[in-house]
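Peer 1: Below is a structure I'd like to ask you about.
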Amino acid sequence: MFRSAIRVAKPLSRACPLGVTRAFASSRYVRSENAPPTSLDTFTDEEQMLREAVQRFATEVVGPKVREMDENENMDPAIIKGLFEQGLMGIETSADHGGAESSFTSAIIAIEELAKIDPSVSVLCDVHNTLVNTVLRKYGNKEQQDKWLPQLAESKLGSFCLSETGSGSDAFALQTRATKDGNDWIINGSKMWITNSYEAEIFLIFANIDPSAGYKGITCFIATKDMGIQIAKKEQKLGIRASSTCTLNFDDLKIPAENVIGGEGKGYKIAIEILNEGRIGIAAQMLGLAQGAFDKAVPYTYQRKQFGQPVGTFQGMAFQIAQAAIEIESARLLTYNAARRKEQGLSFTKEAAMAKYWSSVVAQKVSGSAIEWAGGVGFTRETGIEKYWRDSKIGAIYEGTSNIQLQTIAKFVQKEYS
């Protein structure tokens, strides 16, 4: 069971002007080994409470700002502040470090619910929780955790800096270098496609300290923007426009030796393991996106009448809606199966790849169909339905392309049957 909440819910500040209260604070997740099997859509009371709290925050606080943020290609600082105040930026972080001390599934729930309203806000929360926080919780020493986790739980956004111009799917071909200089490391190079980087204050940077060792020279460093991280370019994107994606430059960036995370040459291991978890987060984002598009478009099909009946009741339309409902549910089961396996300490690499691949496929398919179900209205920006389709395209690209997921799954199948 969960440990009961240890913080008293408080009203949000001006960042959340609609009177949403922080209903989710802190709980510890422990699953009994003797508990009977349950369905994958069975959640604890605390997980359900979190879902309802995030739904309210997303609907009442994020919802009114979605179109403006998308048009301006900018994340409203009040949204980021609200995420911190709601306790959604340190979901698995211990209470001693200012976090909610909750389950991985709780993080997945939050990502899904945010994506139903705005996938841009969802991925901001996802990267911060499943990548940045997790690296520090799993690989940081006590001094690093005591220093950085409270900041990441309470006020400072994190960014995960791995990809480069020549190292996307081939992540370990990265060219950013770090050289030792006394008690410091000097980093030179650049990163591309870095989520959260425009607003972030804390960065995890992967650089190679020994190119002759290949990927075994890759090391993870933690740095702050004020150390001299340069934002060279903010990308203008098809979708998730409010989520910042930037190119970063490091010119003789000096980082203290104490800021090495997990040990020298351990960066490749960190990246592989963390991205496996992160893929479940992206699956949850795509799942929420598909559900959000479905929730917006389907009611319209029962309101819009042609030939004397709602268009959603015509067999051709009704069957499409039924098929979409099945596909969303299948994506949900894959996603939560991967999340629960991760929580229980079981292998989950194949399941995470399946969840990310299929959720991305479903997100694109359902959001595209949703536009057609709403007809001309769905094609306009006013309804917000078309935004889900634009946002869905990234699911097949980041944190491992769809082909990379299929390759991963194929390797597991080959190992089992050959």
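Peer 1: For segment 268-417, what is one quarter of the convex hull surface built on the Cα atoms, given in nm²?
Peer 2: Reported value for the Cα convex hull: 10.2 nm².
Peer 1: Here is a follow-up. What list of ³J(HN,Hα) values in whole Hz, one per residue of segment 234-239 in order, does the Karplus curve 6.51 cos²θ - 1.76 cosθ + 1.60 (θ = phi - 60°) give from phi, with Gly and Pro shown as x?
Peer 2: Per residue, the Karplus-derived 3J(HN,Hα) values read 9, 6, 9, 10, 5, x Hz.
Peer 1: Rounded if a/c is under 1.5, else prolate if a/b beats b/c, else oblate: with a ≥ b ≥ c from the C-alpha gyration tensor eigenvalues square-rooted, which is segment 104-208?
Peer 2: Here segment 104-208 falls in the oblate category.
Peer 1: Another question about this same structure. Which value, in debye to the nearest 20, gives the size of the charge dipole of segment 223-295 about its Cα centre, when Lys and Arg are +1 and Asp and Glu are -1 at the Cβ?
Peer 2: 240
Peer 1: Which ³J(HN,Hα) values in Hz, rounded to whole numbers, follow from the phi angles of segment 357-367 under the Karplus curve 6.51 cos²θ - 1.76 cosθ + 1.60, where θ = phi - 60° and Gly and Pro get x?
Peer 2: Each residue of segment 357-367 in turn: 4, 6, 4, 5, 4, 5, 4, 5, 5, 5, 5 Hz.
Peer 1: Which of the peptides 348-360, 77-89 is most tightly packed, and how do the rest follow, going by the mean number of other Cβ atoms within 10 Å of each residue?
Peer 2: In descending order of packing, they fall as 348-360, 77-89.
Peer 1: I want the antiparallel fraction of DSSP beta bridges within segment 160-265, as a percent rounded to 5.
Peer 2: So the antiparallel bridges in segment 160-265 amount to around 90 percent.
Peer 1: Two decimals is fine: what is log10 I(q)/I(0) at q = 0.11, 0.16, 0.17, 0.21 Å⁻¹ for segment 161-303, from a Debye sum with one equal scatterer on every Cα and no solvent?
Peer 2: Per q value, in the given order, log10 I(q)/I(0) is -0.47, -0.86, -0.95, -1.34.
Peer 1: Could you tell me how far the Cα centroid of segment 239-253 sits from the Cα centroid of segment 126-205, in Å?
Peer 2: After rounding, the separation between the Cα centres reads 12 Å.
Peer 1: Moving on to the next point. Cα gyration tensor of segment 223-271, axes a ≥ b ≥ c as square roots of the eigenvalues: rounded (a/c below 1.5), prolate (a/b > b/c) or oblate?
Peer 2: Cα axes put segment 223-271 in the oblate bin.
Peer 1: Now for a separate question. When ranked by the protection proxy of mean other Cβ atoms within 10 Å per residue, highest first, what sequence do the peptides 144-150, 106-112, 210-216 form?
Peer 2: The most tightly packed comes first, giving 106-112, 144-150, 210-216.
Peer 1: If you don't mind, another one. Peptides 381-394, 294-307: what's the order by average Cβ count within 10 Å, highest mean first?
Peer 2: Most protected by this proxy first, the peptides run 381-394, 294-307.
Peer 1: Pick out which of Leu136, Leu275, Leu346 has the largest mean-square fluctuation in a Gaussian network model of the chain, springs linking Cα atoms closer than 10 Å.
Peer 2: Per the Cα network of the chain with a 10 Å cutoff, Leu346 tops the list.
Peer 1: Same structure, new question: When the Kirkwood radius is taken over all Cα pairs of segment 45-156, what Stokes-Einstein diffusion coefficient follows at 4 °C and 1.567 mPa s, in µm²/s?
Peer 2: D, rounded to a whole number, is 92 µm²/s.
Peer 1: Grab the DSSP H runs of the chain that are 4 residues or longer, score each as -39,500 (n - 2.57), total them, divide by all residues and round the 222 nm result to the nearest 500 deg cm²/dmol.
Peer 2: -14500 deg cm²/dmol
Peer 1: Still on this structure, please answer the following. Could you tell me how far the Cα centroid of segment 45-115 sits from the Cα centroid of segment 292-329, in Å?
Peer 2: Here the answer is 29 Å between Cα centres.
Peer 1: Counting pairwise Cα distances across the chain, what percent come out greater than 32 angstrom?
Peer 2: Roughly 35 percent, rounded to a whole number.
All of the numbers you see were taken from the coordinates with simple rules; none came from a lab. Predicted model, so just to flag it, every value in this text is computed and none were measured. FYI the Cβ positions are ideal-geometry reconstructions off the backbone, even for glycines, and counts take in every protein chain you see.
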